[in-house]
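*Asks:* Got a structure for you, questions after.
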Amino acid sequence: MKNNGLAFVLITTVAMVILGAGLSVFFSRFMNLGGAGTDTAPISGPNLPPQAAPIQEPAAALTYSPPSPQDAPPAIREAVLLGYNILLETGKYATPYVGNKLSCSNCHFKAGLTQGGKNGGLSLVGVGATYPKYRKRQDYAVDLVTRTNDCFKRSMNGRPLPEESKEMTAIVTYYQWISKGLPVYAEIPWLTIKPLPSTHVPDKTRGEQLYGVKCSACHGKNGEGTAAGPPLWGQDSFNDGAGMHKPVNMAAFAQLNMPLGNPDLAVEDALDLADYITAQPRPHFSAN
Ligand code: HEC
Ligand code: HEC
């Protein structure tokens, strides 16, 4: 009897200790789900799905320098360098697919090897980590081949590259190289155009006057381009299906980058200019 009683007490004590340890592990894990601070622990209950831990991604603080094309390892160096050259001199390295006098780098400065912002043009650093994307509006998935061919068909007023071509492989390999080490689907703050915050109603007439003062010296009186700047409209420029043909995009691009080297346009100036330039004649985009 005495022994039985002692055994019972012992077993109960051991069971309580194990249960207690188990519960404390369970609760400490559970509480940690919300992150470091206990005051941010998620409110949960029997009817609430467990909340996932917020992904710690300091997007604004992301710093990154892309490796230079010349430093690509031997196995991919030839492709990376060809991709780089196609972006810099598109008409020379991808001749049959280009229908105007532009190069990718006229918009994606330095073959996209910048980090956007003032004087950076449209960066391509990190695109290798941000695709494929899904476009709800069109209900289709876009990968970098499709996206690149969009710029060939519209920005370059040309033809799509065959998916398996040496040139397309080179361009995509180049994107991957200049995205090396970035986390897949990271928030990359320097990618994509940010529309200018403004309620200004654009004024074409004022845009035309500004064009003569600020732009025509390099881009030509009729937007045809000069040795100092590529065409902005007319047969040698991008077509009306291009991203740059949208006034919001052109205004944001011009405000950060034009006049080249010394961008000083007020937001209203940029909107007036974009309204004027996108109203000028240019090739028409047809889907087929
Ligand atoms: C000092 C010469 C210069 C001036 C002035 C200038 N640009 Fe440019 N612009 C360039 C050059 C050069 C490029 C291409 C940059 C490159 O290839 O790296 C360019 C590119 C562009 C592009 C994209 C490529 C294209 O042809 O569509 C747009 C749009 C543009 N400029 C708009 C403007 C606007 C608007 C103004 C007036 C506010 C302006 N630029 C003033 C030299 C100039
Ligand atoms: C006339 C200007 C212009 C030219 C030339 C141009 N692009 Fe673009 N490109 C754009 C614009 C505008 C966007 C859309 C940017 C955005 O959505 O923020 C874009 C987007 C892209 C993107 C997707 C970037 C992202 O962050 O999602 C890729 C990739 C790209 N272009 C590749 C090219 C290549 C390769 C060429 C040359 C064959 C080229 N582009 C020529 C204007 C141009």
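The values are calculated or read from the model by the stated rules, or taken from the named source; none is laboratory data. All of these numbers come straight from a predicted model, not from anything done at the bench. Note that each Cβ is placed from the backbone with ideal geometry, even for glycine, and that neighbours are counted across all protein chains shown. When the accessible area is computed, the model is the full protein with side chains, heavy atoms only, and any ligands, DNA or RNA have been set aside. Shrake-Rupley method; radii C 1.70, N 1.55, O 1.52, S 1.80 Å.
*Asks:* Give the accessible surface of the range 101-189 per residue, rounded to a whole number of Å², with probe radius 1.4 Å and ligands, DNA and RNA excluded.
*Replies:* That works out to 50 Å² per residue.
*Asks:* In addition: Suppose each label sits 7 Å from its Cα in the direction of the beta carbon; what would the residue 77-residue 139 distance come out to in nanometres?
*Replies:* Going by the 7 Å Cα→Cβ label model, 4.9 nm.
*Asks:* Here is a further query. Of 118/153; 136/194; 92/221; 166/214; 118/204; 153/204, which ones are farther than 30 Å apart at the Cα?
*Replies:* Where the Cα-Cα span goes over 30 Å, the pairs concerned are 166/214.
*Asks:* Given +1 on the Cβ of Lys and Arg, -1 on the Cβ of Asp and Glu, and no further charges, what dipole in debye does the range 201-288 carry about its Cα centre, rounded to the nearest 20?
*Replies:* Using Cβ point charges on Lys, Arg, Asp and Glu, the range 201-288 gives about 140 debye.
*Asks:* Among rounded, prolate and oblate, which fits the range 204-277 when a ≥ b ≥ c are the square roots of the eigenvalues of its C-alpha gyration tensor, a/c under 1.5 means rounded, and a/b larger than b/c means prolate?
*Replies:* It is rounded, given that a/c, with a ≥ b ≥ c, falls under 1.5.
*Asks:* Then there's this: How high is the FRET efficiency from residue 213 to residue 279, r the C-beta distance, R0 25 Å, rounded to 0.05?
*Replies:* 0.90
*Asks:* Please report the spacing between the Cα centers of the range 88-127 and the range 153-208 in Å, no decimals.
*Replies:* The two parts, judged by their Cα centres, are 9 Å apart.
*Asks:* Classify the range 95-148: rounded, prolate or oblate, from the alpha-carbon gyration tensor (a ≥ b ≥ c, eigenvalue square roots; a/c under 1.5 rounded; otherwise prolate if a/b is larger than b/c)?
*Replies:* Here the range 95-148 falls in the oblate category.
*Asks:* At 0.36 nm per residue, minus the direct Cα-Cα distance, what do residue 92 and residue 203 gain on full extension? Give it in nm, one decimal, please. Please report the intermediate quantities before stating the final value.
*Replies:* Working: separation 111, 0.36 × 111 = 39.96 nm, distance 3.81 nm.
The span from residue 92 to residue 203 would gain 36.1 nm if fully extended.
*Asks:* Related question: Work out, in µm²/s and without decimals, the Stokes-Einstein translational diffusion coefficient of the range 124-190 at 37 °C, 0.692 mPa s, Rh from Kirkwood over C-alpha pairs.
*Replies:* The Stokes-Einstein estimate is 258 µm²/s.
*Asks:* Could you tell me the extents of the range 111-232's C-alpha atoms along the three principal axes, largest first, rounded to whole Å?
*Replies:* Sorted largest first, the three principal extents are 45, 34, 29 Å.
*Asks:* Quickly work out the residue 65-to-residue 192 label distance, labels modelled 7 Å from Cα along the C-beta direction, and quote it in nm with one decimal.
*Replies:* Spacing of the two 7 Å Cα→Cβ label points: 2.8 nm.
*Asks:* Answer rounded, prolate or oblate for the range 66-122, using the Cα gyration tensor with square roots of eigenvalues a ≥ b ≥ c: rounded when a/c is under 1.5, else prolate when a/b is larger than b/c, else oblate.
*Replies:* Since a/c reaches 1.5 but b/c is at least a/b, the shape of the range 66-122 is classed as oblate.
*Asks:* With an 8 Å cut-off on Cα pairs and a minimum separation of 6 or more residues, tell me the relative contact order of the range 132-287 in percent.
*Replies:* Relative contact order, the range 132-287: 25 percent.
*Asks:* Please give the contour-minus-distance gain from residue 110 to residue 226: 0.36 nm per residue of separation, less the Cα-Cα distance, rounded to one decimal in nm. List each step's numbers first, then the result.
*Replies:* Details: separation 116, 0.36 × 116 = 41.76 nm, distance 1.93 nm.
Roughly 39.8 nm would be gained on extension.
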